[in-house]
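These notes are about the structure you will find just below.
The values are calculated or read from the model by the stated rules, or taken from the named source; none is laboratory data. The model shown is predicted, which means the values in this text are computed figures rather than measured ones. Here the Cβ positions follow ideal geometry from the backbone for every residue, glycine too, while neighbour counts run over all protein chains shown. Just the protein is used for accessible areas: all its heavy atoms, side chains included, with ligands, DNA and RNA removed. Shrake-Rupley method; radii C 1.70, N 1.55, O 1.52, S 1.80 Å.
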Amino acid sequence: MIELLSPAEIEQMRPAGRFVASVLTATSTAADVGVNLLELDALAHDMIRAEGATSCYIDYHPSFGGSPFGKVICTSVNDAALHGLPHDYRLRDGDLLTLDFAASVDGWVCDSAVSIIVGTPRPDDVRLIDSVERALAAGIRQATVGNRMGDISAAIGDVAADDGYPVNLDFGGHGVGRTMHGDPHVPNDGRPGRGLKLKAGLVIAIEPWFVLDTDEIYTDDDGWTLRSRTGARAAHAEHTIALTPQGPIVLTARE
């Protein structure tokens, strides 16, 4: 079921958005050569406790997950495209790291992700991250009342096509509100003018993710981490946005 929120309810989501943004800022800043992924998870966990927030991940166990996630942030490194399970790994110079985080504050959930380069950047990684960020911005621009879901999806897919990246349609954006994942699904490619008509009060997470040379992924032995089939690197960008008559509000905007 697709839920439309009132202006007052959208305002109530703002603290969750600010908190999610602050955790991504803190963990991105802390990520450096030699830092362990488990240290980043511990930092996010400490911030959850200090805020009095609730993790959306630690007990999360959907059909595609091998077990309850058990951690509070996704840390996807290099060929890990999505759902990277934090483990005993120290970041190396040149790693491409995606941090994906969702939490509930006062009963409202926001979800966001950012990809960064640890240490010395590779030109291909810089271009890939720039592409997903531009795709996210393009999707957000189309998230206006009266447009259709296909307008968002097509805007994302157009960036991928122009930049030469294939698009996987198995995982994409989603509705957000009282829970982390809800209707509607937001594909990362589509046809303009098609699909759900966008209405005020709709809150969605838009999340383009591209792999350098493939749209095929597989599940790691940890039961969670989705890796590119070719071993190529992946990048991911995500914001939770609310549709209003005045335009989209990015609830998880980072300062």
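Structure values in brief
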quantity: The range 10-25 residues that are closer than 18 Å to R178 by Cα, paired with ones that are surrounded by fewer than 18 Cβ atoms within 10 Å (Cβ to Cβ) and of a type in the set (D, E) (beta carbon under 6 Å, 6 or more apart); calculated: F19/E51
quantity: Checklist (1) hydrophobic (A, V, I, L, M, F, W, C); (2) open to solvent by 10 Å² or more (accessible area, probe 1.4 Å); (3) assigned to a loop (DSSP other than H, G, I, E, B) applied to L38, failing item; calculated: (3)
quantity: Identity of the residue in the range 127-140, farther than 18 Å from L82 by Cα and among the hydrophobic types (A, V, I, L, M, F, W, C), that ends up most open to solvent (accessible area, probe 1.4 Å); calculated: A137
quantity: Top-ranked residue in the range 141-189 [being open to solvent by 40 Å² or more (accessible area, probe 1.4 Å) and under 14 Å from the mean Cα position of the chain (by Cα); ranked as farthest from T244 (Cα to Cα)]; calculated: F171
quantity: Test: T75 is free of Cβ contacts under 8 Å to residues at least 40 places away in the same chain and in contact with a helix residue (DSSP H, G or I) (Cβ under 9 Å, 6 or more places away or on another chain); calculated: yes
quantity: Members of the range 226-237 found to be touching a helix residue (DSSP H, G or I) at 6+ places or on another chain (Cβ under 7 Å) and either open to solvent by less than 10 Å² (accessible area, probe 1.4 Å) or closer than 21 Å to W108 by Cα (or both), listed by number; calculated: A235, H236, A237
quantity: Lone qualifier among E207, E216, E133 - being touching a His at 6+ places or on another chain (Cβ under 7 Å) and of a type in the set (D, E, K, R); calculated: E207
quantity: Total residues in the range 150-187, condition touching a helix residue (DSSP H, G or I) at 6+ places or on another chain (Cβ under 7 Å) and farther than 26 Å from D125 by Cβ; calculated: 1
quantity: Candidates P86, P68, P62 - the one that is touching a Lys or Arg at 6+ places or on another chain (Cβ under 6 Å) and either open to solvent by 30 Å² or more (accessible area, probe 1.4 Å) or over 16 Å from F19 (Cα atoms) (or both); calculated: P86
quantity: Test: residue in the range 157-164 that is modelled with pLDDT of 95 or more and in contact with a strand residue (DSSP E or B) (Cβ under 7 Å, 6 or more places away or on another chain); calculated: yes
quantity: Qualifying residue in the range 43-60 (condition: closer than 28 Å to E216 by Cα, of a type outside the set (S, T, Y), outside any loop (DSSP other than H, G, I, E, B) and without any contact (Cβ under 8 Å) to a residue 40 or more places away in the chain); calculated: no
quantity: Pair list, Cβ < 8 Å and 6+ apart or interchain, from the range 213-237 residues that are on the phi > 0 side of the Ramachandran plot to residues that are open to solvent by 40 Å² or more (accessible area, probe 1.4 Å); calculated: G223/G66; G223/S67
quantity: Residue that is open to solvent by 50 Å² or more (accessible area, probe 1.4 Å), part of a helix (DSSP H, G or I) and of a type in the set (D, E), where the choices are E11, E3; calculated: E11
quantity: Qualifying position, being among the aliphatic types (A, V, I, L, M), surrounded by 16 or more Cβ atoms within 10 Å (Cβ to Cβ) and more than 24 Å from H181 (Cα to Cα), among A44, A31; calculated: A31
quantity: Residues (among the aliphatic types (A, V, I, L, M) and open to solvent by less than 10 Å² (accessible area, probe 1.4 Å)) located in the range 200-225; calculated: L202, V203, I204, A205, I206, V211
quantity: Members of the range 63-88 that are modelled with pLDDT under 95 and over 9 Å from W224 (Cβ atoms); calculated: S63
